[in-house]
Amino acid sequence: MGGETRVMPSSKDYPRLAAGPVGKEIHKIYADRLRQFTDGGQYRAQGLLPKITEAVASGPEHIKLSVYSPPNLSRPLFEEATKHAFKPTTVGAWFGPSWSTHWFKIHLTIPSSIASHSHLEFVWDANNEGLIYTEDGDTIHGLTGGGERTEWILPKSWRDRKEHTFYIEMACNGMFGNAPGGDSIQPPDPNRYFQLHTAEIRAVNLEARALYFDFWEIGDASREFPSESWEAHEAQQVCNRIMDTFIAGGGSKESIIDCRKIAKEYLGNVNSHKVYGSDKKEIVTGIGYCHIDTCWLWPFAETKRKVARSWSSQCDLIDRYPELRFCCSQAQQYKWLEQDYPSTFDRVKKKVKEGTFQPIGGSWVEHDTNLPGGESLIRQFLYGQRYFESKFGQRCRTFWLPDTFGYSTQLPQICRLSGMTRFLTQKLSWNNINNFPHTTFNWVALDNSQVICHMPPAETYTAEANFGDVKRSITQHKSLDQDKTSLLVFGKGDGGGGPTYQHMEKLRRCRGISDQVGLLPRIKLGDSADDFFDRLEKKVEDGTELVTWYGELYFELHRGTYTTQANNKRNNRKAEILLRDIEYIATLATIQTEYDEAKSYKYPKKDLDDMWEDVLLCQFHDCLPGSSIEMCYDDSDEIYAKVFKTGERLLKDALNALGFDDDLGADSKLVALNTLPWPRTEIVKLPTTLGLSSYRLAHSTGPGIMDIRPLASPYSVATASVKEIRPDVYELRNSQYRVEVDNGVITSLYDLSLGREIVPKGKKANQLVLFDDKPLYWQAWDVEVYHLNSRTELHASKTSIAENGPHRASIDVLTKISEKSWIKTTISLAAVVDNASSYLEIEAEVEWQETMKFLKVEFPVDIVNTQASYETQFGIVKRPTHYNTTWDMAKFEVCCHKWADLSEHTYGVSILNDCKYGFAVAGNVMRLSLLRAPKAPDGHADMGRHGMKWAIFPHAGALDERTVRKAFEFNNPLRIVGHRSSSSSALALSQDVLSTPSILSCLHISGAPNLVLDTVKRGEDDADVSRGELPVKKGKNVIVRIYDSLGGKSEGVLHWGGLDVKGVWRVDALEGDVEDLSAYIVDVEVDAEVGSKGRGKGVKVAVRAFEILTVRLEI
């Protein structure tokens, strides 16, 4: 012990003498060397790139070209285009201008000199988009141009030395439109021309191409793995060995094969989809996706072709790479494909059935979620889900909306009502103030409904499938404590395209590195997006607790989209209201036929579907927000004009069926139509064509028909008046308010009944202000916080009395904005009817010819609260009025709908509007956004004449149903119609139940003023309504949508008066039965508000705070 000597054997092979000096590799030098191998620079000829193309055949001997150029920027489809004569053309010719189309007929003959090569591709490049067709008119795949997606693998059967014919449709636009220079968001150049610079047959060495991807990914590993890791050093050594072997072999085919053997040491076998077959657990799921903006830097018509190009490319790629699972959203795009490219649609249907092509999202388009009304959000899913179910036999379970500019607080509830339990987005990664803290989490709506939300940590929906994208899928994952898995969404996007073969090859190698070397997160292809979310849901079922995020996902960027393209936003608001009224009146007209067999009115389902699909289309997330080129708004103007024309016809037809007449004459029996579900009493202005006194009193004690009476009626109508009390200082007064207007601005708004001044001393309400508006880059999208520093007050140039009572008092204020722009505002105070709450109304006409300016109107109020309330879809969002934290400050501009409110416990002020969405409350200053003037991507955005209205609605006490109802009324003016008194059955339902009037008053709610009966429509699949997309249901059904507008659990009664209701069901947003409510049917006294005697029926309804409740009444 302790004294033994241990003899170690010596190596007989280790040399005794040094052969020579060996130095340490200088890491940076050997790293920088790698780019020589695949670089297009001065060493290109000695590198790998020339070895990929083995031979080329071109020229008219092998490729004969002829062209047909349709006139007037038209876009004829294949059948029409190929009827025309084609003229010879050549490589090198130029084609244009922007947005034009050129059809090429190609006669191709493969020469014997390259026919023996194993892989031949036809390459076409004119730096613009295109689509390859067979001679029979079937699409093959799309072309992107500019070196991307320019090749088509030629059929082996074409090596018969015979001439073969195919077609290419050229679109004279790039993937991102036609912006001049390198800035894609600038207005498009209308005179851009494209040169066809490549049309040739190439023989490709697939081993050389594969080596290119081997080297790319191993090189990325050497650069992106941690510098201290052996994996990074090993990758660099492998790359240098590859280069040395290639050089030693003179770049021969044999040396390329040897190089691939070296690469295999690091990658493993990556030559097929079997690389994903190992049993090693993956944590990243790769999903192919093709984001196609339905309009943006190109018009709707071009999107239809982008869909055909992109999806035919994906069908082709799926055949070549069986591991690809491709998903795409937007039912509208599927419908366009079905209409214009039926054979391509059949290819897609086949892939859907096979499970490789996944319709996803459930919505009609990838819509904006800030600006559309609540019913529009539901219809996005109703129309989307019904389309997917009717065409593919399945509904979507995952809401997919990666690129919208913020996410409304009620989306989780609407998703759950529409059959979806999970949600994918990533746009919040663009936040420019705060970093959103979660990747995978439960997102909770106002009513406590939740969905699982996943935001891919690679922070893109157009990943290039690079090594770094896979790596970031974990290194940027913010929810690793709960779950480490993630989605990688890859593929060319925005302008379409989707995954490429390059993406597929790179991902195979990433998986190989994970299995062979480790350290890189292991990615799996072959599963769908739904598979990924299914696993997440299973983990939650098994006990995984995901963090929660309550309320809106506010996007800290693109705040200007609440205001840009004001006319488009106005059209959206008006169209939504029109559709609501048509469905309500048309539903009641069809019910009436149950009681009057002489009536033959039919619910106009097709016209309503067309209107809704058009409105939903224009709610796409680059159209309604205002971030598209001018051509898109030319299109949307035409679409809305068609919607309004159709809508007025449908409304007139439905009113006629109920015994009303829109064509008023001096002998017409006038009534006002109230389509809101509560009573209204208002002073109305009659059409001037009637030759009657301007103002009358419209009165009712319930919804529906309102009598129009002379103002000398027994109902108390106090007067309104205006007078000039000092030079340029006017006083408006009614029985509730005294308003002082000094040089065009409101310096006093005094509540007479409560003795309360609303405008703080020395402050000015209804003050127009102008801001300099130059965001960091995204002009139409953004307004930055620093714009507030440029506030400039606008001063009135002329003030005068426009109308002096007794029923309405008004002041006209003309304000010069600049040499080219002005705004005329009319400040009006109406007489108070029967002590009903009134408001101060402002109507504005604006001539707007500004550059990068932002027009707003301010209302300082004597109210203190750290939170303001804003109407959102089916509820209220409360946001800070202070800048305590960066999260608070980030909300310096927010979205609201019909109203915003700042209230204390004892008093408050609401600002109502009829077409605006941008708002802010900073301290006690309420600020409504009116107009912007960005110059990109639409160089003429918002230029021209605008009309808009807003109102100041003070109220005693805190925010309540008075504001909700006033805002509805402000946006739903009464409609004056004539009533044909000879139509005895038009209005009466059943004399023993309703003594007077109207089927129009039968549906309403009692017992809970916070509940709003928002929508009345017919069942989608009723026998007399259905268009046959889905199985027909027996009988007639009325769908009624109710929501809690204020945030309080409530019980009320849904009345239907004397309607013969056979059963009542709670249904989801897709109108599927959820619960039989027939047990809750009750006998009710006809509500005193309705002004009728007798008894009727109704159903008790219990509604959670901010819940959306949909009820089906079987008639």
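The values are calculated or read from the model by the stated rules, or taken from the named source; none is laboratory data. None of the values given here were measured: they were computed from a predicted structure. With ideal geometry, Cβ positions are generated from the backbone for all residues, glycine too; neighbour counts draw on all protein chains shown. Each accessible area value is taken on the protein alone, full model and side chains, heavy atoms only, with ligands, DNA and RNA left out. Shrake-Rupley method; radii C 1.70, N 1.55, O 1.52, S 1.80 Å.
What is the local net charge at GLU803, summed over the other residues whose Cβ is closer than 15 Å to its Cβ (Lys, Arg +1; Asp, Glu -1)? In short, 0.
Solvent-accessible area per residue in the chain equals 38 Å², computed with a 1.4 angstrom probe and all protein chains kept. Annotation: average projected area of segment 122-261 is 13.1 square nanometres, based on the convex hull of Cα atoms across all directions.
Amide H to amide H, with H built 1.01 Å from N, GLY526 comes under 5 Å of ARG325, counting only residues 5 or more places away or on other chains.
Seen through its C-alpha gyration tensor, with square-root eigenvalues sorted a ≥ b ≥ c, segment 875-958 comes out oblate because a/c lies at 1.5 or above while a/b is not bigger than b/c. By DSSP, the beta bridges lying fully in the chain are antiparallel in about 90 percent of cases. Taking every DSSP helix (H) stretch of at least 4 residues in the chain, weighting each as -39,500 (n - 2.57) and dividing the sum by the residue count yields a mean residue ellipticity at 222 nm of -7500 deg cm²/dmol.
Cα centroids of segment 828-865 and segment 330-348: 47 Å apart.
Karplus-based coupling profile of segment 846-862, in residue order and whole Hz: 10, 9, 10, 9, 9, 10, 6, 10, 10, 9, 9, 10, 10, 9, x, 10, 7, with θ = phi - 60° in 6.51 cos²θ - 1.76 cosθ + 1.60 and x standing for Gly or Pro.
Calculated on the alpha-carbon coordinates, the convex hull of segment 198-250 measures out at 97 cubic angstrom per residue. Given axes a ≥ b ≥ c from the Cα gyration tensor, I'd like to know whether segment 819-879 is rounded (a/c under 1.5), prolate (a/b larger than b/c) or oblate. Verdict is oblate for segment 819-879.
Computed with every protein chain present, the accessible area of VAL517 is close to 30 Å² [probe 1.4 Å].
Reported to the nearest whole Å, the Cα centre-to-centre distance from segment 92-146 to segment 42-82 is 5. The accessible area of THR245, taken with all protein chains in place and a 1.4 Å probe, comes to roughly 40 Å². Of the heavy-atom accessible surface of the chain (probe 1.4 angstrom), what whole percent is carbon and sulfur? Looking at the chain in its full context, I get 49 percent from C and S.
Amide H contacts of LEU676 (H built 1.01 Å from N, in plane; Pro and chain starts excluded): GLY704 sit under 5 Å, all sequence-distant by 5 or more or on other chains. Pairs of Lys residues in segment 1-155 are counted when their Cα atoms are under 30 angstrom apart and they lie 8 or more places apart or on different chains; the count is 8. Reducing segment 523-572 and segment 907-970 to their Cα centroids gives an inter-centroid distance of 27 Å.
Only Cα pairs under 8 Å and 6+ residues apart enter the sum, and on that basis the relative contact order of segment 22-142 stands at 21 percent.
Max-minus-min Cα coordinates of the chain on each principal axis give 119, 80, 69 Å, with the largest extent listed first. Checking the Cα-Cα distances for LYS669/LYS898; LYS723/LYS798; LYS281/LYS539; LYS574/LYS1036; LYS824/LYS949 against a 22 Å cut-off, the pairs over it are LYS669/LYS898; LYS574/LYS1036. From the square roots a ≥ b ≥ c of the eigenvalues of the alpha-carbon gyration tensor of segment 366-406, which class results: rounded (a/c under 1.5), prolate (a/b over b/c), or oblate? It is oblate, given that a/c is not under 1.5 and a/b is not larger than b/c. Simple rule: put +1 on each Lys or Arg Cβ and -1 on each Asp or Glu Cβ in the chain, find the dipole, and look at TYR407, LEU196, SER810; the Cα lying farthest toward the positive end is LEU196.
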